[in-house]
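The structure is given below, and queries will be raised subsequently.
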Amino acid sequence: MYSICILLLMLITKDCSSQDDVGPYRGKFIGKLNSYHHQVSGDVYAVDDWTILLVDFNYDGTGDDTFFWAGDSGRPGPLGFIVADQHGKTNILERYNNEEVQLKLPDGKRVSRITWFAVYDLASQNAFGDVYIPEDFEAPAPQTLTPLVASPGVKVSSQPIKFLDASTFVIPEFHYDGSGEEVYFWTGVGPQPSSRGIKIPDEDGYLEPLRAYGGEDVRLTLPGGRTALDVHWLALWDARARTALAAALLPAALNVPPAAARALPAASALPRCRQLHRDFQASWDIHGNQITIQLAALLRADEYMAFGISGSLSGSRMLGADVAVAWFDERLQRGLATDYNITALAPCVQTLGQWRGVCRDDRLGGLDSHQVLSASRDGELTIVRYRRGLQPAEELDREWPVDRSVFVVWAIGGLDHVQEPAFHRLWPASDLQLVLKQKEDDSDCVPFTTGASARPAGWERASLSDPALRVFRAALGPAGGPRGLAARLGAAPALAWYVNGQLAPDLTLRRGLAYSFLVSGGDDPHSAELYHPLVLTAERHGGLERLGEAQQRRVRVLAGARPTRRGRLRPAAAGALCLARRAPGADPRRDAFDSFRAFNRSLRWACAGRPAVLTVTPNSSWPDRVYYHSFTHADMGGRVFVVDRHRRTAARSPAPRPAPAAVAVPLALALALRRAL
């Protein structure tokens, strides 16, 4: 049936006015400008019913009183209206030379309701060039197709698929139980879905087997700059069974707006390439006993990309991995691909005098085995190429085998204030294997698409400013993903302080009053991940354990740590651990909670043992703004506003009402404190 349908669709004559055959899809072709004077020429497209696009537009700029002009009269004349230029200005037109110009019609005007568009001179009342819009012209608009049609016996369903633009579409109310081991969104050409298609990244850009969907609206973008005019079908494809679980066919000419996302090739001279994510690809080549690796990714400012050998021979594991952390230093205009070893799933910290966590090899007593060959950054696209040996150069390095497949790991995340990798925002959830000497034809990299994703807005920051509040209960929980601390800091840790059930809120303390912090951040100094004494300082980052003695002495510590005889700081408030975790089965990469309250309700708290009690009495020597932190990890805390008297305006934002889940931490800590007393 798929075959018959697609053949019928392919027999339909393509609408010759929808797009020319050369170049990218720009919308529906209206026509060429008729040229009368002043070298006016160019092609005219409708992007949508409110937007006109001029391609290869020329005008010599010598007219006296010349504007973009449109109207619904019989022909261009004074009974029209000005169309603002590409900058939104209605100034007299200047010179254009083979330019691409996008114009927005004034409010209330539509392309389908005007008769003509012109380059018009009001002084002489002459059109220097014009084009007429056909009477039955339909401007590009989102198009609704058919639902996914499931194969017999397969439980997959959806509402009709809707293409928002040439590359972006939504599968409304998509249902799939997630039972397939290698099932992907899939697209391609031909009479029916086949193994010759390619993966469509999921809604978060991952190329992993699909999870279960329970009636969600799934927004997807065709990969590599492809458009609906380039493919014939969409499918849910089982790669192991080599069959389509469900599919939908696309019309031969889909009159939709051009894609908002643009293709951005990252051509690599290296012959083998693997697309790790919609926004990340790794390519490589082998020369003798060395491997050259190129990493290319769409990164925000001050972000890194990490790639390397798994810490396990049986799967992709971060713990024990040997990775390159690559990024481009715009200040120094150079790229880095630093050799790191992961001995704990935490930032690099000292535990009982030894460095553990995500640490540079040279900090662990080893050598940086990577040689950077080239690097560049153009907009968001960062490319770093480096070389290293196939065989380990030292004990900290792992082997890149060429006689078998190798498990690899990768991640993208932010760099913290000292240019060290913070917790990653993108990483694979499934095992990933590479065959270093694979055939070059097996490479699956495609051009990047810019604008495919936007940074979500952060949750509102809570403020605890009640004048009667004297006790603060501090426990640990997830930093909240892209809407949590990452929205405030850019680079966020994995964990954060939850104070009275709120995520790193602002606190207001009054000078001369005593306050108690009941600290449940973990009391095991052997743990690089879960040992977080609370400190208050005049500097904004914390993580004092990471600093050298000279750096520690420059930090003004207000409470929570004191120097030892040897000169290093020792924390004073390390209570038993009280930790919130996500619900079992939750994927931290896909937190989609619109509010912190909803996120907080999903957490599961576990508290054991007694909290430490840290008593704080601000005085006149304290600055007006200080910070509470973890002694070991940076950027887990928040701000403290120190006032001489409480004012209602002291708080920066109103504190939301505590959610039921938020009360669980204070109750647990209160019970622990009661037992301690």
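The values are calculated or read from the model by the stated rules, or taken from the named source; none is laboratory data. Remember, it's a predicted structure, so these values are computed and weren't measured experimentally. Cβ placement follows ideal geometry from the backbone for every residue including glycine, while neighbour counts extend to all protein chains displayed. For the accessible areas, the whole protein counts, side chains as well, though only heavy atoms, and no ligand, DNA or RNA atoms are used. Shrake-Rupley method; radii C 1.70, N 1.55, O 1.52, S 1.80 Å.
Take the solvent-accessible surface of the protein heavy atoms, probe 1.4 Å, and return the percent of it on the range 463-571 that carbon and sulfur atoms account for.
Ligands and nucleic acids excluded, carbon and sulfur reach 47 percent.
Radius of gyration and Dmax for the range 326-420's Cα atoms, expressed in Å?
Here Rg and the maximum Cα pair distance are 14.7, 43 Å.
Now for a separate question. Stick to Cα atoms and the Kirkwood definition of Rh, then tell me Rg/Rh for the range 514-647.
Rg/Rh: 1.01.
Taking only protein heavy atoms and a 1.4 Å probe, what accessible area per residue, in Å², does the range 549-615 have with all protein chains in place?
61
If you take every residue apart from GLN333 with its C-beta less than 14 Å away from the C-beta of GLN333, what net charge results, scoring Lys and Arg +1 and Asp and Glu -1?
0
Also: Round to the nearest 10 and report in Å² the accessible area of ARG597, as given by a 1.4 Å probe over the protein chains' heavy atoms.
Its accessible surface works out to 90 Å², give or take rounding.
I'd like to check one number: the per residue accessible area of the range 236-355, probe 1.4 Å, reported in Å² as a whole number.
37
Normalized C-alpha radius of gyration of the range 124-238, against 2.2 N^0.38 Å?
Against the empirical 2.2 N^0.38 Å value, I get 1.38 for the range 124-238.
Now a separate question. Which order do peptides 55-62, 72-79 fall in by mean Cβ count within 10 Å, highest first?
Most protected by this proxy first, the peptides run 55-62, 72-79.
Sort ASP204, ASP279, ASP644 by heavy-atom solvent-accessible area, probe 1.4 angstrom, most to least.
ASP644, ASP204, ASP279
Would you calculate, for the chain, the mean residue ellipticity at 222 nm contributed by helices, counting each DSSP H stretch of 4 or more residues as -39,500 (n - 2.57) and dividing by all residues, to the nearest 500?
Per the formula, -2000 deg cm²/dmol.
log₁₀ I(q)/I(0) of the range 429-544 at q = 0.15, 0.16, 0.21 Å⁻¹, via Debye over equal Cα point scatterers, no solvent, to two decimals?
Reported log10 I(q)/I(0), two decimals: -0.84, -0.91, -1.30.
Follow-up. Beyond 36 Å, what percent of the Cα pairs of the chain remain?
Cα-Cα pairs in the chain separated by more than 36 Å: 54 percent.
For the range 591-625 and the range 558-572, write down the distance between their C-alpha centroids in whole Å.
23
Within a Cβ distance under 10 Å of SER41, other residues only, what is the Lys/Arg minus Asp/Glu net charge?
Net charge in that neighbourhood comes out at -1.
Within the range 83-130, what whole-number % of the accessible surface is contributed by carbon and sulfur, with the 1.4 Å probe and all protein chains included in the calculation?
35
While we're here: With every protein chain left in place, what is the accessible area per residue of the range 65-151 in square angstrom, probe 1.4 Å?
Heavy-atom SASA per residue in the range 65-151 reads 54 Å².
In whole percent, and with a 1.4 Å probe on the protein chains, what portion of the accessible area of the range 135-285 is carbon and sulfur?
48
Assuming 0.36 nm per residue, please report the length gained on full extension of the stretch LYS104 to GLN354 beyond their Cα-Cα distance.
83.8 nm
Viscosity 1.306 mPa s, temperature 10 °C: what is the translational diffusion coefficient of the range 490-538 from Stokes-Einstein with a Kirkwood Rh over Cα pairs, rounded to a whole number of µm²/s?
Translational diffusion coefficient: 121 µm²/s.
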